[in-house]
Structure formats: C-alpha cells, structure tokens
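Data first, discussion second: the structure below is written as structure tokens.
The values are calculated or read from the model by the stated rules, or taken from the named source; none is laboratory data. The structure displayed is predicted, hence computed values, not measured ones. Neighbour counts run over all protein chains shown; Cβ positions are idealised from the backbone, glycine included.
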Ligand SMILES: Cc1cc2nc3c(=O)[nH]c(=O)nc-3n(C[C@H](O)[C@H](O)[C@H](O)COP(=O)(O)O)c2cc1C
C-alpha cells in the first residue's frame, strides 16, 4: 500500500482527509497527465438521452442499488445529504404515479419509476448524525464547531422568522465592516433552493449511473406534485425535485436528435 494524499487545503472541515489507495486504484485515479477513464466518461455522458419508451427488460435490484449508491456520492453542501429516493414498485402505487405523470410514456413504459425528493427538515438531525458517524476519530474540534454552530446559524429561522431577521441584520453589518460573508438562509424558500440544488446533483448522478450500467432514464418534471406528494405520503418539508423513469431503451425510445446551443452562448471567461 502506498499512501497518496489527495487532501486539498480548504476551510471545509470535510476536506482534510487523506486516502489510502492501492497501486491498482492509483493507476485508475486520473491526473491531468493520466486520464484512463476519460473516454468511458465521455461515452456515458454523450450516450445519455432522455428516453421516452423503454422495453420490458427489468432493472435488476442490485443494479438499481448500485445506481442509487452512486447517486448519493454526489457532492452536497456540508455533506448534509438532504435527499430521498422513492422507488415506486407497488403495482397500485405505480399505476397512480404514472397517472400523476400525466400518463407520459417515459413513466408508463419505465421499468422503475423514482421520485427524487429534497428535504428541508433534515439539516439538524443530519448535522448531529455526521458528528456521530464521522469516520476520523477523534472528531476534530473545527468539525464539531462547524456542525453545531455554523450549520445551526445557517439554517435556523426561529419562531416568526425572528432569528432570520437578526441574521439578516448581522450579515449586512459584517459585509459592510469586514468584507465578503456568505449569506445564511433567511426563508423557507432559501432552504428549499439549497435542498433542491443538492438533490438535483444526485439525480444527475443517478441518471449517469443508469447509463453506465447500460440502462436509460428520463427526468420527468411534468407531473402533478400535490397528487404525487399525497400518493407518497410526503410532508411539507419533502419536495419532489423530479420523477425519473428508468429502464432499457426501446428502439423507438429516442424521440429527436440531440442538440444544444453553441457553448459560447453560455460560457463567460471573466
Ligand atoms: C428537470 C427536468 C424535467 C423534465 N421533464 C420532462 C418531462 O416531463 N417529460 C419529458 O418527456 N422529458 C422531460 N425532461 C427531459 C428533457 O426534455 C430533455 O432532457 C431535453 O429535451 C434534452 O434532451 P436530452 O436529455 O435527450 O439531451 C426533463 C428534463 C429535466 C432535466
């Protein structure tokens, strides 16, 4: 075993981890001058399409479990993991979920139909869980402080948003007096955006993982959210970011040629 230190100097308490890698895995770890998975990665990304018609081939449970495992390896803010995945397998639930997806073929013909959910209420319990399950013992003081104080300050709104008002005032003052400061979250919508951003990254990982396993997917935003939430028994702090229909692509599963606008329209070097 050779030890390779992949740590990056950072203020993020989760970033100072060294990783033990065997020689084999070192050979597969990409560096700017050694890119053994680049073509495979391109193949996965470039062959992913939104598939609207799937075959009858099921997605084996172990494949789905691996794809979900890869999904939750998505980067996420402070490692607070504000996501959930509801795999709708029960026949009756599925029938109703397909109807809630406006009977779209991508849902109707899918082998698995998954609701990808962002949570606005797990930040506190997850912060505590991180400290309990932190892999590097003893838990560094900086990490403890981060998950007890900083995380609480970031999300806490208080009754009638009283904490938010104080946070807003303090943030403005610090910005004026000391310079840049990251705004904490003041409103429910701020926290919802935060959870949604994180969860969307996991959704993309899930779709790419399915592709790497030879399966396909379609993100579905065209669904009745209140009806789907009722079906899945979700509360006010659970937000369906998207539904994902998944399965093996049918020959007529791709509806149109893929195209994007010119990259230069979107990229700004400043
Ligand atoms: C958030 C989101 C919602 C989407 N909703 C739907 C949908 O309801 N029905 C559908 O057929 N495709 C849906 N799509 C797929 C897009 O139409 C598709 O990604 C886009 O046309 C580009 O095609 P491509 O994914 O094959 O590159 C959705 C995609 C995303 C990311």
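So is residue 215 closer than 16 Å to residue 113 by Cα, surrounded by 15 or more Cβ atoms within 10 Å (Cβ to Cβ), within 10 Å of the ligand (Cβ to nearest atom) and over 16 Å from the mean Cα position of the chain (by Cα) or not?
For residue 215, the condition - closer than 16 Å to residue 113 by Cα, surrounded by 15 or more Cβ atoms within 10 Å (Cβ to Cβ), within 10 Å of the ligand (Cβ to nearest atom) and over 16 Å from the mean Cα position of the chain (by Cα) - is not met.
Scan segment 163-194 for residues that are in a helix (DSSP H, G or I) and either within 25 Å of residue 240 (Cα to Cα) or in contact (Cβ under 8 Å) with a residue 60 or more places away in the chain (or both) and jot them down.
Answer for segment 163-194, where residues must be in a helix (DSSP H, G or I) and either within 25 Å of residue 240 (Cα to Cα) or in contact (Cβ under 8 Å) with a residue 60 or more places away in the chain (or both): 188, 189, 190, 191, 192, 193, 194.
Could you list all residues from segment 38-65 that are more than 16 Å from the ligand (Cβ to nearest atom), surrounded by 13 or more Cβ atoms within 10 Å (Cβ to Cβ) and more than 18 Å from residue 110 (Cβ to Cβ)?
41
Quick check on residue 202: is it in contact (Cβ under 8 Å) with a residue 40 or more places away in the chain, in a helix (DSSP H, G or I) and more than 11 Å from residue 120 (Cβ to Cβ)?
Answer is yes for this residue.
Of 127, 160, which residue is loosely packed, with under 12 Cβ neighbours inside 10 Å, in a helix (DSSP H, G or I) and more than 16 Å from the ligand (Cβ to nearest atom)?
160
Cβ-Cβ below 8 Å, separation at least six or inter-chain, first residue in segment 43-57 and in contact (Cβ under 8 Å) with a residue 60 or more places away in the chain and over 14 Å from residue 254 (Cα atoms), second assigned to a strand (DSSP E or B) and more than 10 Å from the ligand (Cβ to nearest atom): which pairs?
57/247
Applying the selection to segment 223-270, what residues are closer than 26 Å to residue 190 by Cβ and within 14 Å of the ligand (Cβ to nearest atom)?
Answer for segment 223-270, where residues must be closer than 26 Å to residue 190 by Cβ and within 14 Å of the ligand (Cβ to nearest atom): 223, 224, 225, 228, 239, 240, 241, 242, 243, 244.
Please go through segment 237-270 and give me each residue that is under 23 Å from the mean Cα position of the chain (by Cα), under 22 Å from residue 98 (Cα atoms) and outside any strand (DSSP E or B), ordered by number.
248, the sole residue that qualifies.
Tell me, yes or no, whether segment 45-64 has at least one residue that is closer than 30 Å to residue 123 by Cβ, modelled with pLDDT of 95 or more and not in a loop (DSSP other than H, G, I, E, B).
There is at least one residue in segment 45-64 that is closer than 30 Å to residue 123 by Cβ, modelled with pLDDT of 95 or more and not in a loop (DSSP other than H, G, I, E, B).
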